1. In segment 94-120, how many residues are surrounded by fewer than 19 Cβ atoms within 10 Å (Cβ to Cβ), free of Cβ contacts under 8 Å to residues at least 24 places away in the same chain and not basic (K, R)?
2. Would a scan of segment 150-159 turn up a residue that is under 30 Å from V121 (Cβ atoms), surrounded by 14 or more Cβ atoms within 10 Å (Cβ to Cβ) and not small (G, A, S)?
3. For the subset of segment 210-221 comprising residues that are of a type in the set (S, T, N, Q) and assigned to a loop (DSSP other than H, G, I, E, B), which member is surrounded by the fewest Cβ atoms within 10 Å (Cβ to Cβ)?
4. Output the number of the condition that G139 fails; it satisfies all remaining conditions of (1) part of a strand (DSSP E or B); (2) in contact (Cβ under 8 Å) with a residue 24 or more places away in the chain.
5. Since N207 meets every condition but one in (1) of a type in the set (S, T, N, Q); (2) outside any helix (DSSP H, G or I); (3) surrounded by 13 or more Cβ atoms within 10 Å (Cβ to Cβ), which condition does it not meet?
6. Among (1) at pLDDT 85 or above; (2) within 21 Å of V101 (Cβ to Cβ), there is one condition I165 misses while meeting the rest; what is its number?
7. Give the residue, chosen from L182, L173, L162, that is outside the structural domain of S231 (by TED's automatic domain parsing), touching a residue at least 12 places away in the same chain (Cβ under 8 Å) and aliphatic (A, V, I, L, M).
Amino acid sequence: MGDQSSPSSTSERSGRRREGGHGRDRGRRDHPGPGRRGGGEDPRHRDRGRPGGRGPPRDDRGGGRRFFGPREGHERRLGGGGAPEATGERVLVLPGEELKVSGLRPGFGTYREDGRLYASVMGLLSARPPFARVIPLAGRYIPQKDDLVLGVVQAVGPTYWLLDIRAPHFTPLHVSGVPWQLDYGETVEYLRPGETVLVRVEGLDENRRVGVSMSGPNLGKLDGGFLVEISPSKVPRVIGKSGSMIQLIQGSTGARLVVGQNGRVWIEGGPEQIRKVREVLQLIDEEGQRRGLTDRVKALLAAQGSGGRGSDASFQDQAEEEKE
């Protein structure tokens, strides 16, 4: 008879296999496994979803739905947690952040979900009844109905002109939307590629295609001048409250300005006037989100009047070429 192993020796060999992490016992739920102690929770996952821990957040609301409300970083920034309130202070909000406003409807840059308002873009919270809006710090122009925009003619067809209004696609201006009586094929005699027009956004279809019109007061072709582009989000700062900023710029420089809500500014004036306005617009575009903008613009205009910021010869040559 061969040598038979005793039950005790068999048990010892089985124990050694389990201690080595081999055999069929590996992977069982009651097996501690590497890094675990006594079959308890893996310390690598113990803090997952908690403040300072790693990994996705746990769902504390039930129902298996992941919560994307205010995050830990938001709470630190807001000084104690909670959604940002619409106070006199300018509050920077992030996409997905809850907005603590009551009695207001969702406006641009916001959306409503489960009775709460959230930001859809990064920007500054503006709560002016009846809407709560988020003013983006940067981004492309998104056309809205009744916007006044500056378009540049790109191509001419027999019954339309294609305009660049800084939207994702060129926008057609049809002969039915101009104040002139045209025969078929006469469009090129009225507007040519490169010329600038002030038009109104009349609507958007289900595919976000834009319709514009040049029929209306103060709309039409802008002859000469110089075109400057800024961020569309800074347009309200260029205009100012009740037009105060644009009046300040025009009164101090002697130039004439037409501001489009798509972030284009048409300037009419001499090379020196255009240079001054361009410097002011650059300041607003770079620092428009900060407080005290009016004081900084006044200081710049005063420095320009006293000979500060010497003239830019290359820019003057460019302005003269544009006017020609």
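1. 5
2. So in segment 150-159, the residues under 30 Å from V121 (Cβ atoms) come out as 150-152, 154.
Then drop every residue that is not surrounded by 14 or more Cβ atoms within 10 Å (Cβ to Cβ), which leaves 150-152.
Add one more test, that the residue is not small (G, A, S), and what stays is 150, 152.
So far as segment 150-159 goes, yes, one or more of its residues are under 30 Å from V121 (Cβ atoms), surrounded by 14 or more Cβ atoms within 10 Å (Cβ to Cβ) and not small (G, A, S).
3. N218
4. Among (1) part of a strand (DSSP E or B); (2) in contact (Cβ under 8 Å) with a residue 24 or more places away in the chain, G139 violates only (1).
5. All conditions pass for N207, except number (3).
6. Result: I165 passes all but (2).
7. Only one candidate qualifies: L173.
Conditions tested, residue by residue: (1) outside the structural domain of E195 (by TED's automatic domain parsing); (2) hydroxyl-bearing (S, T, Y); (3) at pLDDT below 95.
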{"site": "R208", "(1), (2), (3)": "no, no, yes"}
{"site": "M214", "(1), (2), (3)": "no, no, no"}
{"site": "V259", "(1), (2), (3)": "yes, no, no"}
{"site": "V297", "(1), (2), (3)": "yes, no, no"}
{"site": "D312", "(1), (2), (3)": "yes, no, yes"}
{"site": "A319", "(1), (2), (3)": "yes, no, yes"}
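The values are calculated or read from the model by the stated rules, or taken from the named source; none is laboratory data. Everything numeric in this text was worked out from a predicted model, so none of it was measured. As a convention, Cβ positions derive from the backbone with ideal geometry for all residues, glycine included, and neighbour counts pool all protein chains shown.
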